[in-house]
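Below: one structure, written as C-alpha cells.
FYI, it's all coordinate maths here, none of it is from the lab. None of the values given here were measured: they were computed from a predicted structure. Every residue, glycine as well, gets a Cβ built from its backbone with ideal geometry; the counts of neighbours run over all protein chains shown.
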Amino acid sequence: MAGRVPPVVIATLAVPVEDAAAVVARVPGARLVRELPPGRVVVVLHDASDAGLLAAQPEVVSVVPDRLEHPTG
C-alpha cells in the first residue's frame, strides 16, 4: 500500500545489543534502526502483525510500540 507508514517498535533484549541484528534478522522484513541504552533497540517492522513474531524470539523480553519519530532510511 503506497504511503503506508511502517510500524516502529522498541524491543528490550536479554542479550547484548551487539547481538540485536541477528535477532531482528529472524523476522522477515524487519530492520534494526537504532540502539537505545540499556539493552533496547528500535525496529521497523514490515507489518504490525510481525510484532508478535519479534516478541516470540527467546532473546526478546518485551516489544512496545514506539511513539517517537526515528529516521527509518
Checklist entry - Within the stretch 23-36, how many residues turn out to be under 17 Å from Pro58 (Cβ atoms) and surrounded by 15 or more Cβ atoms within 10 Å (Cβ to Cβ)? => result 4
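When the stretch 37-54 is examined, which residues are found to be surrounded by fewer than 16 Cβ atoms within 10 Å (Cβ to Cβ) and closer than 14 Å to Val8 by Cβ?
To start, the set of residues in the stretch 37-54 that are surrounded by fewer than 16 Cβ atoms within 10 Å (Cβ to Cβ) comprises 37-39, 46-49, 52.
Within the stretch 37-54, His46, Asp47, Ala48 meet the criteria.
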Checklist entry - If you check Ala22 against the conditions, is it within 9 Å of the chain's Cα centre (by Cα) and outside any strand (DSSP E or B)? => result no
